[in-house]
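The values are calculated or read from the model by the stated rules, or taken from the named source; none is laboratory data. Here the structure is a predicted model, which is why all the values come from computation and not from measurement. For neighbour counting, all protein chains shown are included, and Cβ atoms are generated from backbone atoms with ideal geometry for every residue, glycine included. Ligands, DNA and RNA are stripped out before the accessible areas are found, and what is left, the full protein with its side chains, is counted by its heavy atoms. Shrake-Rupley method; radii C 1.70, N 1.55, O 1.52, S 1.80 Å.
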Amino acid sequence: MAITSTAISERRAQAYTPGELMVVSAAREIRDGEVVFVGMRLPLIAFVVAKKTHAPHAVGLFENGLIRSTPAPELIYTMADPANIKNATQCLDMLGVMSLLQSGRVHLGFLGAAEVDRFGNLNSTEVHGTNGMTRLPGSGGACDIASLAQRFVALLEHSKERLPERVSYVTSPGNGDCRGWRQRVGLPRGGPAAVITSKAVLRFGDDREAYLSSTHPGVEVEDVLQNTGWPLRVSEEVISTPEPSVEELKAIREYDKDGFWTK
Amino acid sequence: MSKLLTLRQAVADLVPDNASVALGLQMEQMIPFAAGHEIIRQKKRGLTLIGPISDILFDQMIAAGCVKQVIAAWVGNVMMGSAYNFRRAAEQGGLKVVNLSNFTVALALQAAAMGVPFLPTRTALGSDVARDNDFFSQIDSPFEDKQSPGGPARLHAVRALNPDVTIVHLQRADHEGNAHCWGNFGVMIEAVRAAKRVIVVAEEVVDTEVIASDPNRTVIPGFLVNAVVECRFGAHPSPVQGYYKRDNAFFRQYHEQTKSKVDSETWLQRWVHSVADRKAYMNQLGGCRVEELAVKQHAYAAQTDFGY
């Protein structure tokens, strides 16, 4: 069958980068009306995409002291960029937004990490490997978000090194090493809801261990398993991660015009 | 009494070797780069740097050999990732790093600001941030806690932290140090209250009447301040709301130009040691770049009536 020009342009619109798929997958974790604690880097744009598509009533909290009910009007590189401040809902201090997080008012928090393990614990402080210690920037607000949000979602590149069986340093507590661990150490609530990687989405079972929930289009289950640092359990109903919609891609590309975050 | 000083005088008088210095408290906005560069030029040594996150300024001061210890939640280059001098110094053991989280930096400063030895929190329980870290101690709540009905709540006590000097960059102050700021505050207010000495660096020094006209915008009362410095463009490459934008290219170039120790020294030579002050720095940056970063579209807040 001959491909019409419309079909070609539609196909072109459907082509997307791994970064775009990760951002869209993260954005979809936000339910409309939720209060979201938005971390540095990739989550900044996931919040914008959610606001512009399915979650127009979501509210964003940023650790610098900012609360936003509308997406930033132009691309931001940091949460304190002037475009993120202008027309904010509130602009005050860190203790204020951290207090809202601690008192349980935040539904969902986003974090990046260098390492994520089998129980969803995150490391962004230091990696101890065969070549000695590699120092990373540190927690920032990640430890606080993982400790105190009602649930959190982590984003990272998928590789065996970055998904070890056990992180070498727990910057941000996930499920520890079993069900009941968070309660035992005194954490008031929360835990990981999903880990969005460049190959797949992992979720967590009743025993609080990660399992493979979906693989990104074109990625085989075997590929994910070979690039994960422990024998990853696979859901009986592994699906293909839903592709970005035209609207979602439009929201990303109008915003991140040069693909700084999503190339 | 006027507290107006040049940046050179303020740093010479108020930042001794081995001091603990809090700076970069408004996160990625209004980072006192000019003050940090002056500390580097005066070859201060043995400093402890305190902040929530640091977007490349700590890295520069570490590269220059000013720092023996960092107490912070995050040190890097926010848009680019790692900061190489911090990383090298931490990996090679020359730099002591006390890891906190953003919330616990804020709580440590707030405890000091309130004059109590600690504040309780639920954050970081079960994490390695709190392990072997003398800023944390586990305690049981002395009061009933509705979030843990089964027994006393386990909490972290976060130890108070009093910086010797807090350095703040903001939009405007009067000559006594009463200061206005707008944009995100981060942990600035508690760091000012917690500090033994305070340096306020302002884009503009204005009449006292300007500050008094809007007391809700006054984030620092002058009686806490030891020195006021007027320094236009003193936060570049970080942004100052209403004055100039973030210089994203500068952060990118810093990332590319400081990967090795030698390259970092070249960078410091060019942007810090060989420029006498902020005016010379701006000259080197060039008029076009400065103009490009200026506010293009003003966005004034609605007027506020304090009349009665």
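If you go through region A:156-169 and keep only what is within 14 Å of chain B (Cβ to nearest Cβ) and either under 28 Å from A:Leu95 (Cβ atoms) or hydrophobic (A, V, I, L, M, F, W, C) (or both), you end up with A:Leu156, A:Val167, A:Tyr169.
Take the conditions open to solvent by 10 Å² or more (accessible area, probe 1.4 Å) and assigned to a loop (DSSP other than H, G, I, E, B) and apply them to B:Lys68. Does it pass? Judged against the criteria, B:Lys68 is not a match.
Regarding region B:170-191, can at least one residue be identified that is more than 14 Å from chain A (Cβ to nearest Cβ) and of a type in the set (Val, Ile, Thr)? The answer is no; no qualifying residue exists.
Each residue in region A:68-97 was checked for being within 19 Å of the chain's Cα centre (by Cα) and at the interface with chain B (Cβ under 10 Å from one of its Cβ atoms), and 5 pass.
Results for (1) open to solvent by 10 Å² or more (accessible area, probe 1.4 Å); (2) within 9 Å of chain A (Cβ to nearest Cβ); (3) at positive phi; (4) among the basic types (Lys, Arg), shown as yes or no for each residue.
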| site | (1), (2), (3), (4) |
| --- | --- |
| B:Lys43 | yes, no, yes, yes |
| B:Leu49 | no, no, no, no |
| B:Ala64 | yes, no, no, no |
| B:Ala73 | no, yes, no, no |
| B:Leu125 | no, yes, no, no |
| B:Ser141 | yes, no, no, no |
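Counting the residues of region B:131-186 that are over 28 Å from B:Ala299 (Cβ atoms), of a type in the set (Phe, Trp, Tyr) and touching a residue at least 12 places away in the same chain (Cβ under 8 Å) gives 2.
For every residue, the table says whether it meets (1) under 18 Å from B:Lys245 (Cα atoms); (2) acidic (Asp, Glu); (3) surrounded by 21 or more Cβ atoms within 10 Å (Cβ to Cβ); (4) in contact with a helix residue (DSSP H, G or I) (Cβ under 6 Å, 6 or more places away or on another chain).
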{"site": "A:Lys52", "(1), (2), (3), (4)": "no, no, no, yes"}
{"site": "A:Ala55", "(1), (2), (3), (4)": "no, no, no, no"}
{"site": "A:Gly65", "(1), (2), (3), (4)": "no, no, yes, yes"}
{"site": "A:Ala72", "(1), (2), (3), (4)": "yes, no, yes, yes"}
{"site": "A:Met79", "(1), (2), (3), (4)": "yes, no, yes, no"}
{"site": "A:Lys86", "(1), (2), (3), (4)": "yes, no, no, no"}
{"site": "A:Met94", "(1), (2), (3), (4)": "no, no, yes, yes"}
{"site": "A:Leu101", "(1), (2), (3), (4)": "no, no, yes, yes"}
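The criterion of at least 3 residues that are within 21 Å of A:Pro137 (Cα to Cα) is met by the following strands (runs of 3 or more DSSP E) wholly inside region B:71-189: B:96-99. Scanning region A:120-148 for residues that are open to solvent by less than 30 Å² (accessible area, probe 1.4 Å) and more than 11 Å from every other protein chain (Cβ to nearest Cβ) yields a single hit, A:Gly120. Taking region B:210-308 and the helices (runs of 4 or more DSSP H) fully enclosed by it, the elements with 3 or more residues that are open to solvent by less than 50 Å² (accessible area, probe 1.4 Å) are at B:248-257, B:261-268, B:278-285. Would you say B:Ala90 is within 14 Å of chain A (Cβ to nearest Cβ), open to solvent by 10 Å² or more (accessible area, probe 1.4 Å) and of a type in the set (A, V, I, L, M, F, W, C)? Yes; evaluated as a whole, the condition is true for this residue.
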